[in-house]
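*Asks:* This is the structure I want to talk about, given as structure tokens.
The values are calculated or read from the model by the stated rules, or taken from the named source; none is laboratory data. All of these numbers come straight from a predicted model, not from anything done at the bench. No Cβ is skipped: glycine too gets one built from the backbone with ideal geometry, and neighbour counts run over all protein chains shown.
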């Protein structure tokens, strides 16, 4: 079985804990992780920009001048794309769909790979008991004692923990997530993972169960 370092609430190493190889010891394939991460970023994208083509711009119902005899170029509408204030040709539209399908099996596999990568790099730390005083100073000191001030850290809890969220929300480069919601994007966007022992068990239950159902 794979092992991950175990620390106490004071940031001191107390040993190691065994974790499932099926979740934390999976061979990493960069192509699979990249495909899932790219799809997640695309699905989070919102198409805000929207231009009007010549059919959407108001005005221009009358022909600017007669077809022949003026010596000028022929025009049918002042809302033509070549006129100032006219419509836009091939401009961005808010109806564009950036969604990409993510296969559930591939998504779960990529998450196991990301967790395994962090374990292999010794960037996944288990915590015996999380701080319970709800103080930002305590959480900040814990992060500094284990990783240092400059390392981006994801704190993973077994369930929704508002106390931990309040304590960590003002600490730069620190985020909190529960085990049921952790994604490939969460792992890749943080250098280090700090998970409670209960959260590690919840991740094992979530990912080993999904693997068994595939």
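*Asks:* Any idea how many residues of the range 185-204 are surrounded by 15 or more Cβ atoms within 10 Å (Cβ to Cβ) and assigned to a loop (DSSP other than H, G, I, E, B)?
*Replies:* Summing the residues that are surrounded by 15 or more Cβ atoms within 10 Å (Cβ to Cβ) and assigned to a loop (DSSP other than H, G, I, E, B) in the range 185-204 gives 2.
To keep it simple, each residue is scored yes or no on (1) surrounded by 10 or more Cβ atoms within 10 Å (Cβ to Cβ); (2) more than 30 Å from residue 184 (Cα to Cα).
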position	(1), (2)
43	yes, no
50	yes, yes
54	yes, yes
76	yes, yes
80	yes, yes
86	yes, yes
90	no, yes
101	no, no
105	yes, no
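*Asks:* Collect the residues in the range 134-151 that are crowded, with 18+ Cβ neighbours inside 10 Å and touching a helix residue (DSSP H, G or I) at 6+ places or on another chain (Cβ under 7 Å), keeping them in residue-number order.
*Replies:* Of everything in the range 134-151, just one residue is crowded, with 18+ Cβ neighbours inside 10 Å and touching a helix residue (DSSP H, G or I) at 6+ places or on another chain (Cβ under 7 Å), namely 139.
*Asks:* Considering 111, 127, 142, which residue is assigned by TED's automatic domain parsing to the domain that holds residue 206 and within 16 Å of residue 198 (Cβ to Cβ)?
*Replies:* One residue alone meets the criteria, 127.
*Asks:* Out of contact with any strand residue (DSSP E or B) (no Cβ under 6 Å at 6 or more places or on another chain), surrounded by 14 or more Cβ atoms within 10 Å (Cβ to Cβ) and modelled with pLDDT of 90 or more: does that describe residue 22?
*Replies:* yes
*Asks:* Same structure, new question: Which members of the range 152-168 meet the condition of being touching a strand residue (DSSP E or B) at 6+ places or on another chain (Cβ under 8 Å) and surrounded by fewer than 16 Cβ atoms within 10 Å (Cβ to Cβ)? Outline the logic, then answer.
*Replies:* Start the filter on the range 152-168 by keeping residues that are touching a strand residue (DSSP E or B) at 6+ places or on another chain (Cβ under 8 Å), which leaves 152-161, 164-165, 168.
Hits for the range 152-168 are 152, 159, 160.
*Asks:* Right, another one. Regarding residue 22, is this residue closer than 27 Å to residue 197 by Cβ, in the same structural domain as residue 200 (by TED's automatic domain parsing) and not in a helix (DSSP H, G or I)? So that I can check it myself, show each step before the final result.
*Replies:* Numbers: closer than 27 Å to residue 197 by Cβ: yes; in the same structural domain as residue 200 (by TED's automatic domain parsing): yes; not in a helix (DSSP H, G or I): no.
Answer is no for this residue.
*Asks:* Quick one: which residue in 115, 142 is in contact (Cβ under 8 Å) with a residue 24 or more places away in the chain and closer than 18 Å to residue 14 by Cβ?
*Replies:* None of the others qualify; the one that does is 142.
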